[in-house]
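This report refers to the structure that appears directly beneath it.
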Amino acid sequence: MEWIQQLVNGISVGSIYALIALGYTMVYGIIKLINFAHGDVFMLGAFIGFFAITRWDVGFLPALIISMVLCAIIGVIIERVAYKRLRSATRIAALITAIGVSFLIEYTMIFFRGPGLETYPEVLPNTSIDVFGVSVSSKSILILIVTIILMILLQFIVHKTKIGKAMRAVSLDADAARLMGINVDNTISATFAIGSALAGAAGVIFGAYYTRIEPLMGVLPGLKAFIAAVLGGIGNIPGAMVGGLVLGVVETVVSAFGFSLWRDAAAFIILILILILKPSGLFGKNTREKV
Amino acid sequence: MAEKRTLKRFASVFLASSLIVGALAACSGKEGTSTAGNTSGESSDVIKIGANLELSGSVASYGSSIGQGAELAVEEINAAGGIDGKKIELVKVDNKSDNAEATNAAVKLATQEKVVAMIAPATSGNVIATTQIANQYKIPTVTASGTAPNVTENEDGSINEFVFRTCFIDPFQGIVAANFATKELGAKNVAIYADNASDYAKGLAASFKEQIEANGGTVVAEEAYVADDTDFNSTLTRIKSANPDFIFIPGYYEEVGLIVKQARELGIEAPLMGADGWDSPTLVELAGSEALNNTFITNHYSSQDPDETIQGFVKAFEGKNNESPNAFHALGYDTVYFIKDAIERADSTDGEAIQKALAETKDLSLITGTFSVDEKHNPVKSATVLEYVDGEQKFNSKVNP
Amino acid sequence: MKKSKAFWVYIIFALVIYTIVQVMISGGTLDLYYQNILIQMCINIMLAVSLHIVIGITGQFSIGHAGFMAVGAYFSAIATMNLGLPFFVALIIGAVAAGFAGLLVGIPTLRLKGDYLAIATLGFAEIIRIVFLNIDYVGGAAGMVVTNMTTWTFAFVGVVLTIFVIANFTNSRHGRGAIAIREDEIAADAMGINTTYYKVVAFTIGAIFAGLAGGIYSHNFFIIQPTTFNFLKSFDILIYVVLGGLGSLSGSVIAAIFLTIVSAYLSNFPETRMIIYSLVLILVMLYRPTGLMGTKEITHLFKFGKKGGSKV
């Protein structure tokens, strides 16, 4: 029984990693940038959701949508102001800028509201459902459902809409896409908007699930989500989803064996093993689809 | 030719870089003398107290809290006329939650600001990074929350002469908690779930374990987490399967709030207990008042204590900062009064005189309790055991050392 | 002949700087505060230059340098505190241990390129940190109390040695091999350069001097804890190299000096320090992405003037 319980625990953690990883994987797929600020957009999303719920008295779903919209706008602003000029710069310059943006968001937040934490109000029904001795909280089921819905939505956007087609084209070959009449700048902005919206959603879900949010909460989940994205094959949307869930379960299993202090190390070991042994990730193929 | 050019280039690279170091050294030297001149001029009408605190970085919330508490105390003292007519000036320096920066900050306070006394950092590691500076410059240093025994007492048993603290040391609270568990709650099989990233929690866990085993109890599970974790379900599931009748969770409220919540959600009904690190209204918000039922903490004081001085402090603090004070706020506030008391008794701003007065402190009554300083520079004060009932702290018992 | 001349010029200037500062210290002009800043400057220069050889010269993007610093700091602290060895022996032990760690990390990861390498080195640095966190022999999270042994002399000799070795490496056959890898790895490979070998050598040398810096660091700040060496520390070092200019040794040195001073100055403004810091970082990257110096050395600025006279 204990092990099924642990599996449930792992999936709850993993679905949040997965949501953040989706944004990472999309942005990396299209401009080959490890967007370090992505974890901080996740943090902003959590705070926007918090303010929406406490100040404007909205429920969970409206808060989720408000947060997604505002995060999308923030993501586009970050891209336009900081990253756009760096398209032709070295990868290192772009990565350093991303680190700078990440610090800027974190410490501006601390400057305005202090480093303290904030507690999410109870917005979701919280009952433990007992299935054969395994207690599953209604929250974690709800979160998994929201995550899956968002992922299906994303798959739909990428595969069935015009902008999705443009994204795929740009990620394959930006110059060729431009020659075909695709507005590359707008497409990249759209990618940032969608990725950041997902991070914002993850922020609200995280807040509702774990209650505690703080200005530096995005750092570690951001890194973990990146690992999840690499694990699933960076640029691959279902891969990011599966990578997130696998990482969540692996971390839980490591803790379950009593090695909770080595949990983060385990995540990094997975990262290194994947990078060395199979850099294209679990789902990477030779002609992998990138967005 | 080419070889010669590269050699020359290499020689001049170093030349240039070393010139810069030299030039900097030269100008910084000048700066040093000038600031020293300034400070000695103004030191006659103000008493400078340095505060070497974590204002940014990973434990910024503790450092900032102590700073807020200290500021309130300084404001009150200055409004009441200061110390012998001299106003206190609090010089806050950020140590970025980093050992090296803590040393730098202490050196800066000692040599540049020429402070009379220092409030040391919040975490024991950072305090240790400043103790040798305090001894060297003979500046009495008081930490509000550095609870590790080796802050004041070195490994060889010698005492850091100029270092004091306002808080208990780790072993005391651990022993109180262990005795409470066996005697009041009749616990036999206990679990320990400690924050492994903090020496505070590890110290508590170690002394708790020792005492509980001396009391005839068994530790059935010993687990650890790391600060900033948010998901504790997997380890809690492990603890649950060990079936303990009492769980000791030394750590800080940021994590403990979530641990208590997740433990209850997993169906762990056993009593939970912690220490002063739990004390914050945020704990109740994080865990929810229902989950907190059947949990206990050891603490310096209770903010719900009807005592007039305590309520006066709570009101004044809420008026200034728009939040209720936690243990760090109270300890920061007390630290300033502790130093003030010593300066008044010493009737001097000389480091050695203040040091002597601090060491001789007797029955000083502050927010976090009435205490005397023992030969190891630790305050001897009683601990309070509090119980959470529907989100309110209820006084349970008082334990004297 | 000429080589020895350049060498002696270097040594003499190093001695001059050393003597000036030493006289100022003994004379009391430089109190502990400034001595401390100078030692820190030396540590930062060593870290910057040791990362410069990896990123600037060989073009391998590592963001896990704090890991090697941690190895050096811990091993040298164990040597002095637990084994009672003299300080300079401890520094050598720390440097060798870090070099060994560099070799172990470098061999598997240096096959990776670009961002992947960056993330892998970051991962290794975090693993090293977590290992120290879980070893009770070195105090775990509470850290290790270390006696202060670092003096200005040790720190300065460390810098002189680091710059000497790395500048020499750059101008050697190995260095040219490494630069070829930076410019175009595939072309370098095609030219018959054993790319893996040169990358690993450069990486190991970088790790050795990071370890030396770590040893000097641990004996200057009374206590070392695993959290000190987290990935923010790695980023700090990275920023020196990038701000100074990728491929410029003097640039790294200048950036390390400059940022040490900025950091000391900004400690008066704790709330805004990190905001200013990150803004500077972004602006430099946006408007001068090659860093302050680019790949130029500071001597290039003087060269035009000197060219006629010194061409003997």
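The values are calculated or read from the model by the stated rules, or taken from the named source; none is laboratory data. What you see is a predicted model, and the numbers here were worked out from it, not measured in a lab. Cβ placement follows ideal geometry from the backbone for every residue including glycine, while neighbour counts extend to all protein chains displayed.
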| request: With the condition kept exactly as written, say whether any residue in region A:245-256 is surrounded by fewer than 22 Cβ atoms within 10 Å (Cβ to Cβ), in contact with a strand residue (DSSP E or B) (Cβ under 6 Å, 6 or more places away or on another chain) and closer than 29 Å to A:S138 by Cα. | output: no
| request: Might you let me know whether region B:11-25 holds any residue that is at pLDDT 50 or above and aromatic (F, W, Y)? | output: no
| Candidate set: region A:257-271, residues that are crowded, with 20+ Cβ neighbours inside 10 Å, out of contact with any strand residue (DSSP E or B) (no Cβ under 8 Å at 6 or more places or on another chain) and more than 8 Å from chain C (Cβ to nearest Cβ); chosen: the one nearest to B:T237 (Cα to Cα) | A:R263
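Could you please let me know if C:A14 is at the interface with chain B (Cβ under 7 Å from one of its Cβ atoms), more than 15 Å from C:G158 (Cβ to Cβ), of a type in the set (G, A, S) and assigned to a helix (DSSP H, G or I)? So that I can check it myself, show each step before the final result.
On the way: at the interface with chain B (Cβ under 7 Å from one of its Cβ atoms): yes; more than 15 Å from C:G158 (Cβ to Cβ): no; of a type in the set (G, A, S): yes; assigned to a helix (DSSP H, G or I): yes.
Criteria not met by C:A14.
In region C:97-115, what count of residues is obtained for those that are out of contact with any Asp or Glu (no Cβ under 8 Å at 6 or more places or on another chain) and either outside the structural domain of C:I53 (by TED's automatic domain parsing) or basic (K, R) (or both)? I'd like the intermediate steps shown before the answer.
Initially, region C:97-115 is screened for residues out of contact with any Asp or Glu (no Cβ under 8 Å at 6 or more places or on another chain), giving C:97-112, C:114-115.
Right, trim to either outside the structural domain of C:I53 (by TED's automatic domain parsing) or basic (K, R) (or both) and you get C:111.
Summing the residues that are out of contact with any Asp or Glu (no Cβ under 8 Å at 6 or more places or on another chain) and either outside the structural domain of C:I53 (by TED's automatic domain parsing) or basic (K, R) (or both) in region C:97-115 gives 1.
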| request: Report yes if some residue within region C:143-161 is free of Cβ contacts under 8 Å to residues at least 60 places away in the same chain and within 25 Å of C:T121 (Cα to Cα); otherwise report no. | output: no
| field | Residue in region B:304-322 that is part of a loop (DSSP other than H, G, I, E, B) and surrounded by 19 or more Cβ atoms within 10 Å (Cβ to Cβ) present | value | no
| said: Filter region C:101-141 down to the residues that are modelled with pLDDT under 90, of a type in the set (F, W, Y) and under 21 Å from C:L238 (Cα atoms) and list them by number. | reply: C:Y116
| message | Checking A:Y107 against (1) over 20 Å from the mean Cα position of the chain (by Cα); (2) at pLDDT below 85; (3) within 21 Å of C:M274 (Cα to Cα); (4) buried (at least 19 other Cβ atoms within 10 Å of the Cβ), only one condition comes out false. Which one? | response | (2)
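Sort out for me the helices (runs of 4 or more DSSP H) sitting completely within region B:145-259 that have 3 or more residues that are within 14 Å of chain C (Cβ to nearest Cβ) and closer than 27 Å to A:A265 by Cβ.
On the way: elements: B:170-179, B:199-214, B:233-242.
Hits in region B:145-259: B:199-214.
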| request: Specify which of the listed residues (A:A98, A:A94, A:A169) is touching a residue at least 24 places away in the same chain (Cβ under 8 Å) and closer than 27 Å to A:V242 by Cα. | output: A:A98
| request: Would you be able to say whether some residue in region C:219-235 is in contact (Cβ under 8 Å) with a residue 12 or more places away in the chain, closer than 27 Å to A:E79 by Cα and either more than 9 Å from every other protein chain (Cβ to nearest Cβ) or among the hydroxyl-bearing types (S, T, Y) (or both)? | output: yes
| request: Say whether the condition of being crowded, with 24+ Cβ neighbours inside 10 Å and either more than 14 Å from chain B (Cβ to nearest Cβ) or in a loop (DSSP other than H, G, I, E, B) (or both) is met by at least one residue in region C:83-93. | output: yes
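Restricting to region B:46-70, give me the number of residues that are of a type in the set (A, V, I, L, M, F, W, C) and under 15 Å from A:R113 (Cα atoms). Please lay out each step first, then the result.
Taking region B:46-70 and keeping what is of a type in the set (A, V, I, L, M, F, W, C), we get B:46-47, B:49, B:51, B:53, B:55, B:59-60, B:66, B:70.
Now restrict to residues that are under 15 Å from A:R113 (Cα atoms): B:55, B:60.
Total meeting the criteria: 2.
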| For region A:136-173, which residues satisfy the criterion of being surrounded by 15 or more Cβ atoms within 10 Å (Cβ to Cβ), touching a strand residue (DSSP E or B) at 6+ places or on another chain (Cβ under 9 Å) and of a type outside the set (A, V, I, L, M)? | A:S137
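Given A:N183, A:N236, which one is polar (S, T, N, Q) and free of Cβ contacts under 8 Å to residues at least 60 places away in the same chain? Outline the logic, then answer.
Numbers: A:N236 fails: free of Cβ contacts under 8 Å to residues at least 60 places away in the same chain.
Answer to the check: A:N183.
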| When residues of region B:260-274 are filtered for being more than 9 Å from chain A (Cβ to nearest Cβ) and within 26 Å of the chain's Cα centre (by Cα), how many remain? | 4
| query | Within the bounds of region A:133-140, is there any residue that is assigned to a helix (DSSP H, G or I), touching a residue at least 12 places away in the same chain (Cβ under 8 Å), of a type outside the set (S, T, Y) and within 14 Å of another protein chain (Cβ to nearest Cβ)? | reply | yes
| request: Tell me which residues, restricted to region A:93-132, are within 8 Å of another protein chain (Cβ to nearest Cβ), within 26 Å of B:E323 (Cβ to Cβ) and part of a helix (DSSP H, G or I). | output: A:E106, A:Y107, A:T108, A:I110, A:F111
| Is region C:25-45 home to any residue that is closer than 22 Å to C:L117 by Cβ, assigned to a helix (DSSP H, G or I) and within 12 Å of the chain's Cα centre (by Cα)? | no
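Is it the case, given these coordinates, that C:G94 is of a type outside the set (A, V, I, L, M, F, W, C), within 17 Å of the chain's Cα centre (by Cα) and in the same structural domain as C:A210 (by TED's automatic domain parsing)?
Values: of a type outside the set (A, V, I, L, M, F, W, C): yes; within 17 Å of the chain's Cα centre (by Cα): yes; in the same structural domain as C:A210 (by TED's automatic domain parsing): yes.
So C:G94 passes the test.
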| query | Can you find a residue in region C:114-125 that is surrounded by fewer than 23 Cβ atoms within 10 Å (Cβ to Cβ), touching a residue at least 12 places away in the same chain (Cβ under 8 Å) and within 9 Å of chain B (Cβ to nearest Cβ)? | reply | no
| field | Subset of region C:140-154 [more than 8 Å from every other protein chain (Cβ to nearest Cβ) and part of a loop (DSSP other than H, G, I, E, B)] | value | C:V146, C:T147, C:M149, C:T150, C:T151
| query | Within region C:165-177, is there a residue that is within 11 Å of another protein chain (Cβ to nearest Cβ), under 21 Å from the mean Cα position of the chain (by Cα), assigned to a loop (DSSP other than H, G, I, E, B) and not hydrophobic (A, V, I, L, M, F, W, C)? | reply | yes
| How do the pairs read when you match residues in region C:97-110 that are within 14 Å of another protein chain (Cβ to nearest Cβ) with residues anywhere that are of a type in the set (D, E, K, R) and crowded, with 23+ Cβ neighbours inside 10 Å, using Cβ under 6 Å and keeping only pairs 6 or more apart or on different chains? | C:L110/C:K199
